[in-house]
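First comes the structure, then the notes that go with it.
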Amino acid sequence: MTRRMGYEWRLRLRMAEKGLFQTSDLVPLLAERGVCLSREQVYRLVTSPPQRMSMDTLAALCDILQVTPNDLIEIREVAGRARRVAGEGRQDDDGPGGGPARPTARSTTIRRPQGS
């Protein structure tokens, strides 16, 4: 059985512990450390778990909040079954009651601009 791992992003919590409640408060603090992000980028960084982040940004956040990466990211096992690998355990009875339904084919129309 395959274990599926995930993580909890705790930047908002760590900011609140330091009295930083506005995402825009981080913009100048990051800039002081050489990390130039727009207000929108910082907002996304605070409000949703990042899929990718530079080490410079992580180091700057740790310095600003006086925390370690472990304080910002909590690794945990995700509940539910892991995704099935293509071709693994494939049965002909997939569908209602027998597993996930197979995708249906859709026709596609390609429209070209006039005069091409």
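Net length available on complete extension from Leu58 to Arg33 is 7.9 nm, with 0.36 nm assigned per residue and the Cα-Cα distance removed.
The local environment of Ala60, defined by Cβ-Cβ distances under 10 Å, has a net charge of -2 under the rule Lys, Arg +1 and Asp, Glu -1. Note on Thr47 and Thr2: with the Förster distance fixed at 30 Å, the Cβ-Cβ geometry gives a FRET efficiency of about 0.50.
We did not get these values from a lab; they are worked out from the coordinates using the rules stated. All figures in this text were calculated on a predicted structure; none of them were measured in a lab. In this analysis, Cβ positions are derived from the backbone assuming ideal geometry, glycine residues included, and neighbour counts consider all displayed protein chains.
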